[in-house]
1. Under 5 Å between amide H atoms, partner at least 5 residues away or on a different chain: which partners does Phe63 have, H built in plane at 1.01 Å?
2. State, as an integer percentage, the relative contact order of the stretch 1-66 based on alpha-carbon contacts under 8 Å between residues 6 or more apart.
3. Just the number, please: Stokes-Einstein D of the stretch 18-74 in µm²/s, Kirkwood Rh from C-alpha pairs, 4 °C, 1.567 mPa s.
4. For the stretch 2-44, what is the Kirkwood estimate of the hydrodynamic radius, computed as the reciprocal of the mean inverse distance between distinct Cα atoms, to one decimal in Å?
5. Using a 1.4 Å probe and ignoring any ligands, DNA or RNA, find the accessible area of Asp44 and quote it in Å² to the nearest 10.
6. Starting from the Cα of His36, step 7 Å toward the Cβ, then list every residue of the stretch 1-23 with an amide N under 18 Å from that point.
7. Which length gain, in nm to one decimal place, applies between Arg28 and Asp60 when the Cα-Cα distance is subtracted from 0.36 nm times their residue separation?
Amino acid sequence: MTDPLRQQLEDNYKAFQAQLPSLVSSQRGKFALMRHGQIVEFFDTARDAYVAGQKLFAPDRLFSVQEVTDTPVDLGFFSHAVPQP
């Protein structure tokens, strides 16, 4: 059985990679807030996306943030689904 956190992260990352080529021209340098394989909104900074994710997805706070660049970038902490009690 797959860990729900790992599955959330993998779904978001795969969906982001698939959409990335069409996003680069219009959203380059922005940060995508993602949940359940869907882009929820774009933000100017990773911090803004993270704070919005914490507010929007309380209490489970399962989301990820990806930067829109020519190639996918692992943002470390920000690119992982983060549960908080």
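The values are calculated or read from the model by the stated rules, or taken from the named source; none is laboratory data. Every value quoted in this text rests on a predicted model; they were computed, and no experiment measured them. Cβ sites come from the backbone with ideal geometry, for glycine too, and all protein chains shown count toward neighbours. Ligands, DNA and RNA are stripped out before the accessible areas are found, and what is left, the full protein with its side chains, is counted by its heavy atoms. Shrake-Rupley method; radii C 1.70, N 1.55, O 1.52, S 1.80 Å.
1. It is Val82, by chain and number.
2. Details: 82 pairs, mean separation 22.2, N = 66.
Answer for the stretch 1-66 is 34 percent.
3. Details: Rh = 11.4 Å.
Answer, rounded: 114 µm²/s.
4. Values: mean 1/r = 0.0925 Å⁻¹.
Value: 10.8 Å, from the Cα pair sum.
5. 100
6. Those under the cut-off are 4-16.
7. Values: separation 32, 0.36 × 32 = 11.52 nm, distance 2.89 nm.
Once the chain is fully extended between Arg28 and Asp60, it gains 8.6 nm.
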